[in-house]
Structure formats: structure tokens, C-alpha cells
Amino acid sequence: MAIGCVHTEWLFHLYFKGAFDNKNSLLDLGPQDIQISEKWLVEYLRYKHNDNINFKRIFLNEYPLKNCQFDFYRMFGINEYHSADIDDDRATIKIDLNNVTLDVETKFDVITNFGTAEHVFNIGNVFKTMHECLKPGGLSLHAVPSFGFVNHGFYTPNPNLFIEIARVNNYKIIDFSYVDNMFVREFWHRNNYKSRFDFEKLEIKLRDMENTQLFMTKIVNLFLDNSASKVTKEILNDLNGRKYSFFNKDRPEHMCFLFDHVFVALEKPLFSSPFRVPIQRMEGVAPID
């Protein structure tokens, strides 16, 4: 559960198009480890106006502090921060997301699921809890592995899960970004701190899900292309200095880090209703107005 350069750019992507307007309180499902450098953030913000940054409260000697989450989220206008976890001693709220929901009187403007839900056996309760604890008009943010990364957590949530949750609960889809080759992209951007991530140029789009077979085929083909790319091999080989795997000389040893992420931002409707469980449409994901 961590926030890297790609996550941070996505949050700014949402921030600069107004998704965080009038949003003051935030709940992290699991206190997120911030994994960006001060140099990278300074360069990113060079041409962007944002006065809500206290670098001394986020970084020490270029590296993020362990408890800098609140000050990190202040960049997006958040003035009240909480985190929920059963094990992490940084959590301000101690709960087991498997079977406990927060007091329904506790409501937040933003709730994040940055790599938490897939580690909870009763994964449906995570989304139910987010719904119940989110204010009307609040923002539900998800960034989770969606393809590859086998045995990371109990589940690998499919992108259609978030769209169908949105459909039956009348959420508005603020953003859908399918980030292929997530680890390699993150590693590259972290080390090329002057580079920028263009979410508009990602190859997989929300509309691609309207035909399930073509959507799956497009993802598999992109995965295979990424596995053969020079950049992927160079980055994965450099992780431990070994040139080839013990098993296949044509594949880097860390091919397990070839995986995709899905980033989804959903806005809760202004009227209140109990959480509804979606039913999957096997023929494809129909468009949402």
C-alpha cells in the first residue's frame, strides 16, 4: 500500500480538473507509504500553482517521512486526515475491514483504496464501508493491480468491478485510467524526475470494456508487447544487477513485476441510499451516461 509518482500525478490530474473542490476530510484505507522524492515533487510543481505544501513536513533529506500522509494530502486541499487499519500503528482508526464498518455517523469527503481492498478476504465489505462512510457528493478513489502480479493479495480486482459498483449505486465516473506496465512506468518516472505522465495517452480506455473479448485481447496483447520491450527488460534486469533469469535467459528475473493497474475516481450521488451489490454483465460493460 503505497503512493508513488504515478499515483501522485493522478491525484494532481484530478485536483487540477476540480475533483477535490470543497473536499476537506480524507480517510485512507491503510496509511499509505509515500514513495516519491523531494526532487521529483519540486520539479513536478515547477510550473503549477499550489501553496499547500510544507516540504519540511513531508521530506527529510529528500526522502518521505513515515508519518507524512496528512501533509502529503494537504497538497490537494485536505484539512482533516484519518486512516483505518487493524495492524498499522499509524492508523488513527483501528478496524478490521473484513467484518466491521465504521460508525455510520462518521462521514468523509474523500476515501482512498490505494492497494488495500485486494488484501481483505471479505473484499465486498471494503466497498460497502467506503460507500457508507462517504459523504453525499464525496470522492471514492481506487488504485489497484488489475492484471498480473499473481499472489499479491487475495484478489486482482477487474476494472468492470468499479464500473458496475458505480452503475448500481448511481456514482459518477470522474476518471478511469488503465495504467499498463505499472511498475516499470513508476520506476522510470521516479528516476526521470523531469518527465510527466500523460494519462490521456494510455492505450486502454473505458469504452474498450463495452466488448469484453476485445477488451481482454487488447490487454493481453499490450501485456505481451510490454514483456518484450527494451525498457521493461532494462529496468527489471537492473533491480538486482543480474542479466538473465535462472529459468529463461530471454526474460529478466523480476518479470513478476510486469503488471497493470486500474485507477478509478467515483463521485457519490447527493441522495443517500444503502449500498447495492452489482451483478456482472457477461456480454460487456455497457456505457454509463
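The table below lists the values:
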| read-out | value |
| --- | --- |
| Conditions (1) exposed (fewer than 14 other Cβ atoms within 10 Å of the Cβ); (2) free of Cβ contacts under 8 Å to residues at least 40 places away in the same chain; (3) among the aliphatic types (A, V, I, L, M): number failed by residue 216 | (1) |
| Odd one out for residue 189 among (1) under 17 Å from the mean Cα position of the chain (by Cα); (2) at pLDDT 95 or above; (3) over 28 Å from residue 120 (Cα atoms); (4) of a type outside the set (Val, Ile, Thr) | (2) |
| Flag for residue 179 being at pLDDT 90 or above and touching a helix residue (DSSP H, G or I) at 6+ places or on another chain (Cβ under 9 Å) | yes |
| Residue ID - surrounded by the most Cβ atoms within 10 Å (Cβ to Cβ), chosen from residues in segment 168-203 that are charged (D, E, K, R), in contact with a strand residue (DSSP E or B) (Cβ under 8 Å, 6 or more places away or on another chain) and under 24 Å from residue 41 (Cβ atoms) | 185 |
| Test: residue in segment 220-227 that is under 29 Å from residue 9 (Cβ atoms), modelled with pLDDT under 90 and either of a type outside the set (Gly, Ala, Ser) or in a loop (DSSP other than H, G, I, E, B) (or both) | no |
| Residue within segment 78-91 that is within 21 Å of the chain's Cα centre (by Cα), of a type in the set (Phe, Trp, Tyr) and surrounded by 15 or more Cβ atoms within 10 Å (Cβ to Cβ) present | yes |
| Failed item, numbered, when residue 62 is tested on (1) out of contact with any helix residue (DSSP H, G or I) (no Cβ under 7 Å at 6 or more places or on another chain); (2) surrounded by fewer than 15 Cβ atoms within 10 Å (Cβ to Cβ); (3) at pLDDT below 90 | (1) |
| Residue match in segment 280-287 (condition: under 23 Å from the mean Cα position of the chain (by Cα), modelled with pLDDT under 95, in a helix (DSSP H, G or I) and not β-branched (Val, Ile, Thr)) | no |
| Filter pass, residue 136 being modelled with pLDDT of 95 or more and over 25 Å from residue 270 (Cβ atoms) | no |
| Options 127, 162, 149, 121: the member that is of a type in the set (Phe, Trp, Tyr), surrounded by 16 or more Cβ atoms within 10 Å (Cβ to Cβ) and part of a loop (DSSP other than H, G, I, E, B) | 149 |
| Complete set of residues in segment 14-41 that are buried (at least 19 other Cβ atoms within 10 Å of the Cβ), more than 29 Å from residue 96 (Cα to Cα) and not aliphatic (A, V, I, L, M) | 40 |
| Residue match in segment 97-117 (condition: within 26 Å of residue 153 (Cα to Cα), part of a loop (DSSP other than H, G, I, E, B), free of Cβ contacts under 8 Å to residues at least 60 places away in the same chain and among the acidic types (Asp, Glu)) | no |
| Hits in segment 1-42 - residues which are of a type in the set (Lys, Arg) and under 19 Å from residue 184 (Cα atoms) | none |
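Here's the yes/no breakdown for (1) more than 17 Å from the chain's Cα centre (by Cα); (2) of a type in the set (Val, Ile, Thr); (3) within 24 Å of residue 199 (Cβ to Cβ):
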{"position": "5", "(1), (2), (3)": "no, no, yes"}
{"position": "15", "(1), (2), (3)": "no, no, yes"}
{"position": "19", "(1), (2), (3)": "no, no, yes"}
{"position": "22", "(1), (2), (3)": "yes, no, yes"}
{"position": "31", "(1), (2), (3)": "no, no, no"}
{"position": "37", "(1), (2), (3)": "yes, no, yes"}
{"position": "55", "(1), (2), (3)": "yes, no, no"}
{"position": "58", "(1), (2), (3)": "yes, yes, yes"}
{"position": "69", "(1), (2), (3)": "no, no, yes"}
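The values are calculated or read from the model by the stated rules, or taken from the named source; none is laboratory data. Small disclaimer: the values here were computed from a predicted structure and weren't measured. Neighbour counts are summed over all protein chains in view; Cβ atoms, including those assigned to glycine, are modelled from backbone coordinates with ideal geometry.
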